[in-house]
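Step one of this worksheet: look at the structure below.
The values are calculated or read from the model by the stated rules, or taken from the named source; none is laboratory data. All of these numbers come straight from a predicted model, not from anything done at the bench. Glycine also receives a Cβ, built like all others from the backbone with ideal geometry; neighbour counts cover every protein chain displayed. Accessible surface is based on the protein model in full, side chains and every heavy atom, while ligands, DNA and RNA are left aside. Shrake-Rupley method; radii C 1.70, N 1.55, O 1.52, S 1.80 Å.
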Amino acid sequence: MPKRREPDAPRSRGKSKKTLARQKRMRVVVIIFLSVILLACAAVFFLFQYYYGKTNFLRDSDVSQAETLPEDVQNDIDSNMNAEEQEEALREAQEAQSGIAFPNNENVYNILLIGSDRRDSSWYGNSDVMMLLSINSETKTLHLTSFMRDSYAIVGDSGGHKLNYAYALGGGPLLVETIEENYKIDIDAYASADFDSTADIIDLLGGVEITVSSGEARLINETARGSNNDYLPGAGTYHLNGDQAVAYGRIRKIGNADYQRTERQRTVMSKLFEQAKELSVMELASLADDILPLITHNMDQSTVASLLLDLPTFMSYELVLDRIPYDGLYYNRGEMLVPDWEETIERLHENIYGES
């Protein structure tokens, strides 16, 4: 008769209890970990909801074209070309642009920055500042390209006009469309601010240190808004507040007209960028809280959230400044600057995307 095997139940039951206890503790840890993750996600979600709720989001479909423009504005943006010159410029632009493809590069995000001189609510204002900010995550560069207001452009079905006609007529969406079609470049979004809001933004960033000539100092003293502006006694290097910096960026009566005005605007932007690079993530977040309400844009919530998350990374990129039309690649006609379209577009694509 075979021996009866003694059960080992007590030891087995003891080991099972320890295993169950460990499993129970692991479940508790996992639940706590997941709860923390969910709470963190919820906090981030509500934080972005908070930030996005402070912005002035405007759907493109809600922006209509102005039926009429103020007479002085219409006179300023009208071309002095005769009918033959207009027809020739339009034909040249259409023929050159038709043979050029849009670049296909997902590493570049383009935002059009617009500064407007809006005088009343009957129209969108003069787009005295038009800068394309191109964020290239592959080359780690930020390209800031000014478009001069007197550049020739085909504006929708309206034919050839000065570029700033597009914003005066149809706001941000029409200006974006005009630059896209004329320069064969995809613009992902735009952000605009009038000059009062721009001055407030510069003040929030602490102002800018600029070296000015005696003539520039005089015009800043004459045109800076508000009563808190320090008098600039003459040529020198000064720490300009927002009002003074905006006045500096609007000067075109001295120097090389709009060529030098856009250069001044890029100078202000580069100074602000250098100052922002020195700020911590918390300081950037605090500034965003104050700056976002001053900007009108067409970016959806996920885009704004992504840009805010990547902002510290962008601050480490190299800033490259440029201007269109390029020197030597345009001619004057009827008070407009007509680009050499093929070479201009090729250079713009190469600068921004690293490809022609």
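Summary of values
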| quantity | calculated |
| --- | --- |
| Qualifying residue in region 98-112 (condition: closer than 25 Å to V304 by Cβ, surrounded by fewer than 16 Cβ atoms within 10 Å (Cβ to Cβ) and among the hydrophobic types (A, V, I, L, M, F, W, C)) | yes |
| Exclusive hit being without any contact (Cβ under 8 Å) to a residue 60 or more places away in the chain, farther than 26 Å from Y109 by Cα, aromatic (F, W, Y) and buried (at least 19 other Cβ atoms within 10 Å of the Cβ), set Y238, Y231 | Y238 |
| Verdict on A153 being in a strand (DSSP E or B) and in contact with a strand residue (DSSP E or B) (Cβ under 9 Å, 6 or more places away or on another chain) | yes |
| Enumeration of residues in region 255-271 that are open to solvent by less than 60 Å² (accessible area, probe 1.4 Å) and either in contact with a helix residue (DSSP H, G or I) (Cβ under 7 Å, 6 or more places away or on another chain) or closer than 21 Å to S214 by Cα (or both) | A257, D258, Y259, Q260, R261, T262, R264, Q265, R266, T267, V268 |
| Near pairs, Cβ below 8 angstrom, 6+ apart or cross-chain, from region 201-224 (touching a residue at least 60 places away in the same chain (Cβ under 8 Å)) to any residue that is crowded, with 19+ Cβ neighbours inside 10 Å and aromatic (F, W, Y) | E209/Y238; I210/Y238; I210/Y248 |
| Single unsatisfied condition, M299 versus (1) within 15 Å of the chain's Cα centre (by Cα); (2) part of a helix (DSSP H, G or I); (3) not aromatic (F, W, Y) | (2) |
| Scope region 275-286; condition in contact (Cβ under 8 Å) with a residue 24 or more places away in the chain and either acidic (D, E) or open to solvent by less than 30 Å² (accessible area, probe 1.4 Å) (or both); matching residues | A276, L284 |
| Tally, over region 72-89, of residues that are of a type in the set (D, E), open to solvent by 60 Å² or more (accessible area, probe 1.4 Å) and assigned to a loop (DSSP other than H, G, I, E, B) | 0 |
| Some residue of region 28-48 being assigned to a helix (DSSP H, G or I), at pLDDT 75 or above, on the phi < 0 side of the Ramachandran plot and open to solvent by 90 Å² or more (accessible area, probe 1.4 Å) | yes |
